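Read through the structure below, which is laid out as structure tokens, and then see the notes.
The values are calculated or read from the model by the stated rules, or taken from the named source; none is laboratory data. Everything numeric in this text was worked out from a predicted model, so none of it was measured. Here the Cβ positions follow ideal geometry from the backbone for every residue, glycine too, while neighbour counts run over all protein chains shown. Side chains included, ligands, DNA and RNA excluded: accessible areas come from the protein's heavy atoms. Shrake-Rupley method; radii C 1.70, N 1.55, O 1.52, S 1.80 Å.
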Amino acid sequence: MAARYQRILLKLSGEQLAGAAGHGIDETVMAALADEIRDVSALGVQMGVVCGGGNIFRGLAASTRGMDRVGADYMGMLATVINGLALQHALEKRGLYTRVMSAIEMDRVCEPYIRRRAVRHLEKGRIVVLAAGTGNPYFTTDTAAALRAIEVGADVILKATKVDGVYSGDPMHEPDAEFFPRITYLDILNRGLKVMDSTAISLCMENRLPIVVFNAGVRGNLLKVVQGETVGTLVQGERS
């Protein structure tokens, strides 16, 4: 099947990279994700990836324990760079040309994020891993994903999770939680659903950027979403 989207932004959480251990990087999980990304890239889809850093350091949690919030957030940004480099290694082992671009300059480790350069990498078929969030404290990697997707002209954000999509509650703890195959940005904001933070949802709503929330733990789901199959939850504006 042909790809439905030409350019996508994949959002991965740090917790996903940790696997069952809950911390650090699970190489088996990373390898499985790299295989999925390779399958999508083979369709000619241009792909950017934003990784969280919660498997290594979570700035907000540290700030609640008394650490300076700004310093803690910068530490969290550095954690996303570590994840980005690990993902780059896994992708390049599979023959994929990859660039890590950081919102915080660290020339010996990766490229600085420059929008036009990122777009050029995408046009050349390279996987672009966008690290260090927005480069500013108080903004999550969800917001970074929305911002970067808009900047590079992505057709959709693919939000990888551990559940099948958007529910009225946490399906891990609420078996009766309602599943939403489609939902609007406003419904997410009004219901206070924990899909992405409100800043990210608002950015997507203002720029009419759809989001697909899907279970990344099921092999083949990422490819199915890219090919336009009904998988997970589609988040967009009011239905016409």
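Would you please name the residue that is farthest from Gly84 (Cα to Cα), looking only at residues in the stretch 1-28 that are open to solvent by less than 30 Å² (accessible area, probe 1.4 Å) and not in a helix (DSSP H, G or I)? Looking at residues that are open to solvent by less than 30 Å² (accessible area, probe 1.4 Å) and not in a helix (DSSP H, G or I), I get Tyr5. Scanning the stretch 60-85 for residues that are buried (at least 20 other Cβ atoms within 10 Å of the Cβ) and closer than 19 Å to His121 by Cβ yields Thr80, Val81, Asn83, Gly84.
Being under 17 Å from the mean Cα position of the chain (by Cα) and surrounded by fewer than 17 Cβ atoms within 10 Å (Cβ to Cβ) is a condition met by no residue of the stretch 112-130. Does Arg38 fit the bill of being of a type in the set (Lys, Arg), closer than 23 Å to Asp26 by Cβ and out of contact with any strand residue (DSSP E or B) (no Cβ under 6 Å at 6 or more places or on another chain)? When the stated conditions are applied, Arg38 passes them. As a summary of the residue check, Arg94 satisfies the conditions (1) farther than 16 Å from Gly53 by Cβ; (2) open to solvent by less than 60 Å² (accessible area, probe 1.4 Å); (3) among the basic types (Lys, Arg) except for the one numbered (2). The set of residues from the stretch 194-236 being farther than 27 Å from Thr28 by Cα, open to solvent by 10 Å² or more (accessible area, probe 1.4 Å), in contact with a strand residue (DSSP E or B) (Cβ under 9 Å, 6 or more places away or on another chain) and not in a loop (DSSP other than H, G, I, E, B) comprises Met205, Leu234, Gln236. When the stretch 141-176 is filtered for residues that are crowded, with 21+ Cβ neighbours inside 10 Å and part of a loop (DSSP other than H, G, I, E, B), the ones remaining, listed by number, are Ala154, Gly165. Each residue in the stretch 199-219 was checked for being at pLDDT below 95 and among the small types (Gly, Ala, Ser), and 2 of them qualify.
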